[in-house]
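Take a look at the structure below.
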Amino acid sequence: MSEINSCNKAALKTKANQFKLTFDAPQAYRTSNQVDRWINYQDRILYQMQYFHGSDDSTRMAIRAMALLWNVHPYCQKIQGDCAFTCSPFRDLNDFAYHNHWLKNLLIASSLNGRGMGKFPEHKLIQNQVL
């Protein structure tokens, strides 16, 4: 058992200079908590789906649908109460929403938006309104 620990310690010592780089950016996050939350959610969903059955295209579409739903879903009431203009990741990232209702916002955001007509239609944007 002590041999394993000494091997791990030796490996860590060789990587010490790489670990020290994080101190050059004091404002950076020290953990990957935000990424881990998304990965854990994704892993639970994939486990419930019994992972992938079918082609690479069906796999890609399932992951994209999961990401789209995650980006448009509304935050819980506690988060919405903390900040008046926060209602979903989509609105936070884009600083607008197509519609007040999250499901209608999802449908508009995931539509083809008039593709093939040569010109994209103008949308009425809802900017920084309290829902």
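Can you bin the range 8-112 into rounded, prolate or oblate? Criterion: square roots of the alpha carbon gyration tensor eigenvalues sorted a ≥ b ≥ c, rounded for a/c under 1.5, prolate for a/b above b/c, oblate for the rest.
Here the range 8-112 falls in the oblate category.
How far apart, in nm, are the 7 Å Cα→Cβ label points at HIS99 and LYS15?
It is 4.8 nm.
Classify the range 5-54 from the C-alpha gyration tensor, please: rounded if a/c falls under 1.5, else prolate or oblate depending on whether a/b exceeds b/c.
Taking the square roots of the gyration eigenvalues as a ≥ b ≥ c, the range 5-54 is oblate.
Neighbouring Cβ atoms within 10 Å as the yardstick, rank SER32, SER110, SER88 fewest first.
The fewest-first ordering by Cβ neighbours comes to SER32, SER110, SER88.
Where a number appears in this text, it was derived from the coordinates with a stated rule and is not lab data. Because the structure is predicted, anything quoted here is derived from the model rather than measured. A quick note on method: Cβ atoms are made from the backbone with ideal geometry, for glycine too, and the neighbour counts reach across all protein chains shown.
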